[in-house]
1. Could you list the residues of region 338-375 with an amide nitrogen less than 18 Å from a label point located 7 Å from the Cα of ARG10 in the Cα-to-C-beta direction?
2. What number results when the radius of gyration of region 98-167, computed over Cα atoms, is divided by 2.2 N^0.38 Å?
3. May I ask you to list the residues of region 252-288 whose amide nitrogen lies under 13 Å from a point 7 Å from Cα along the Cα→beta-carbon direction of ASP2?
4. Take the cross-link list LYS301/LYS344; LYS184/LYS218; LYS109/LYS129; LYS184/LYS260; LYS129/LYS218; LYS109/LYS141 and give me the ones stretching past 20 Å between alpha-carbons.
5. Rounded to the nearest whole Å², what accessible area per residue is found for region 83-136 with the 1.4 Å probe?
6. Under 9 Å from the Cβ of ALA153, count the other residues' Cβ atoms, weight Lys and Arg +1, Asp and Glu -1, and hand me the total.
7. If you roll a 1.4 angstrom probe over the protein chains with everything in place, what fraction of the accessible area of region 26-95 belongs to carbon and sulfur, to the nearest %?
8. In Å, what is the Rg of the alpha-carbon atoms in region 2-84, and how long is Dmax?
Amino acid sequence: MDFDRIIDRRGTHSVKWDMMQAAYGVSPEDGIAMWVADMDFAPPASVQRAVEAMAAHGVYGYFGDDRAYLDAIGWWMRERHGWTVDPSWIFTTHGLVNGTSMCIDAFTKPGDGVVLTTPVYHAFARVIKASDRQVVECRLKNGAGRYEMDFDAWDAQMTGRETMFILCSPHNPGGRVWTEAELKGVADFCRRHDLILVSDEIHHDLVYPGRRHTVMAKAAPEIIDRLVMMTATTKTFNIAGCHSGNVIIPDEALRKAFGKRMMAMGISPNSFGMNMAEAAYSPGGAAWVDQLMTYLDGNRKIFDAGIAAIPGLASMRLEATYLAWVDCSGTGMGAEEFTARVEKDARIAVNHGATFGSGGESFLRFNIATPRARVEEAVARLQTAFADLQ
């Protein structure tokens, strides 16, 4: 598990590295890719062995007999999250953006409002708008560098046209691990306003020491009749290219409605994704994640210390994820200027905060899931780019 090893991803059809010139004007020849949320690390050996076994066999047919796959999901959720999942609750989609879209299609109708707690993962708004639904932005409060929920303000925003709430737990891009009390607050909000709750928990394994993620189904079992859970191996084990995710629905009526839309869309699983997920959800995969989080914790400390040394910049303290959320408002610069310093001067490709919705305008998102030498280089470049402030 050598997380320090530099793996050259250029020229491999990597969005993160091969598309950053087109997206941000940062050349992969001397730039650092810190935007797309995948890691620059090899996955666990168990996953690599599963792919090699498929290649050695040489026949790539349809996937069937998913019992071992479902058992692996059940084992992981029980052992790592204390949540017992019935295999019949599990649907496999082509990733969780696809899962989100399927939920919108199954449980809402055109014109309905879908609630997002912004700033939040940008793909949510994209699929809501493309589905001809309305994005309802309920802004998070920034309480001294930590996002908090504001249910009183959100209650006042509701018009009765809203039918769904999409929760990002843990939160991307703020890195919050929501407390049980906050999760119960979300559940109560959804009951008050008769909303289906879709809980995207793709980052639930990427939690730092001192914090513990609580599965929404455990935090608020009283809302099982309106709850859709979404999980995946892809973010945890750096296998996003297999486009595989799980939509887990305990309620029979919701499950029937979702299954009907899956059938209508003709969606079936990807054999590579199924085999990789089964291999990832294993004792070897668990050991890999534990070591990963120790390594990322070191990256987080180095990055945060480097940002703290630049007057006007402030990095939210990550409780989960590997996506650092940096507030640039203290520089007094507009978004165009501070972004140019990062992209043109420091030659680092990052996500622009405005794409995450209201409240993100003064921020940039940095992916720190890369070998430590790159994090250290990125910090040095940023300090040079903002040297006149120091």
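1. Backbone N within reach: 343-350, 370-371, 373-375.
2. 1.13
3. What the label zone holds, given the 13 Å backbone N cut-off, is no residue at all.
4. LYS301/LYS344; LYS184/LYS260; LYS129/LYS218; LYS109/LYS141
5. In whole numbers, region 83-136 has 36 Å² accessible per residue.
6. Around ALA153, the surrounding residues sum to -1.
7. It is 54 percent, rounded to a whole number.
8. Reported Rg and Dmax, both Å: 17.9, 47.
The values are calculated or read from the model by the stated rules, or taken from the named source; none is laboratory data. Since this is a predicted model, take the numbers as computed values, not measurements. Using ideal geometry, Cβ is built from the backbone for each residue, glycine included, and neighbour counts are taken over all protein chains shown. Side chains included, ligands, DNA and RNA excluded: accessible areas come from the protein's heavy atoms. Shrake-Rupley method; radii C 1.70, N 1.55, O 1.52, S 1.80 Å.
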